[in-house]
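What follows draws every value from the coordinates through simple rules; no lab data is involved. Everything numeric in this text was worked out from a predicted model, so none of it was measured.
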Amino acid sequence: MTSMSPYLYLRGLRQVDHTVFCVADGQKTYRDPVFNRDVPYSSGQQVKRSILDDMTAQLTEARSPVTFNFTLSGKGEKKELGQGEPWSPCDPTFADQLIGGWMRASKEGAPVKRRSPLSISAMRPLHPTLSWLTKEDITFDRSDHPEQHKVRVVNEHGKEVSSEEFLSFLQSENRNQAMRLWIPGDKVGPRASGMFVYDVAIDFRTLFSVSLNTFEPELTVNTITSLKAAGWQESTDKARLVCPEDRRKEIIPALSHSLVNWRVTSNQARTYSPQNTLAFALSSNANRLGAAIRAELTEESEYRRAQPILDTIDGVSVYTALTAKAYIPGVVASADALDQAEADLTARLLGYDYDA
């Protein structure tokens, strides 16, 4: 079975509860200009990283090794360490490199670059009114066992104050000091909740093949030689090297599982949300895919609000999990819907003629 289209489009709908997608600078948000409100999102780069993490875990393979480059310059006590560009191996025998792509530039030779065959969107609200940002204050509390912990107080010069002096101060001020810190919400950032979608476009033409174009190379000469020795064959038009079939059959089930079941892997333990997948859709037509999982404005007069819609559209396969029934009335769902979605995706990926 050969796909009529060289592209396959996927859309997943998820329910997110009181979580943080990214913790480096708090929850990422953007301003929706139509509904004039801040909405949370998980970047496409984070989604991609999470997919690749899950895929390599399914394959029980390590991520490809990265070389971190630094430059030590200067003399004596004035030496400085400068950060350089990290190098990836640019080797498609690593599954995360083949699926995720690479970029490497060095002084030793021409840059090599492979664009990922997966185009991945940010995970963003299905509709701006179907997402919420909530601030919360938190505490760091160890007051239940004060004998196990220590209170350290220093003066304005950084010298530690004795326990007697500190106790005298507390008595003079008629106050106590619990082993507890209050952390206001503006210090920890908001939490995200709501219904979110992510989209992925798969380019079958480059999914399991690497270009041999010498003007914009994806591979070095040495890598091409080693790939051919490992069983990679030239395509019919001699323009590409194609991944061996047995390796494709290893990667495809793991990739299918990851595209359906990935989870954000970089947030903190206290912000965990299972992010249940409510529905998953497959189509060779991106516009129809968007119509199958969408939101529609209600006719409420007080304020504009949307409701999620799962629709039956020609050319789109929609798989609805039982969890969707809690949020979308009238849907037909099944307990093994996501297993069916994974099996359908696997069959489509296996059915394409990559050697043509």
Straight-line reach only, C-alpha to C-alpha below 29 angstrom: list the lysines that residue 113 could link to, leaving out same-chain residues fewer than 8 apart. 28, 48, 228, 238, 249
Mind computing the radius of gyration and Dmax over the alpha-carbon atoms of the chain? Å is fine for both. 26.4, 88
Contact order normalised by length for the chain, with contacts defined as Cα pairs under 8 Å and 6 or more residues apart; what percent is it? 26 percent
I'd like the Karplus ³J(HN,Hα) series for the stretch 57-68: coefficients 6.51, -1.76, 1.60, θ = phi - 60°, whole numbers in Hz, and an x wherever there's a Gly or Pro. 5, 5, 7, 6, 10, 7, 5, 4, x, 10, 9, 9
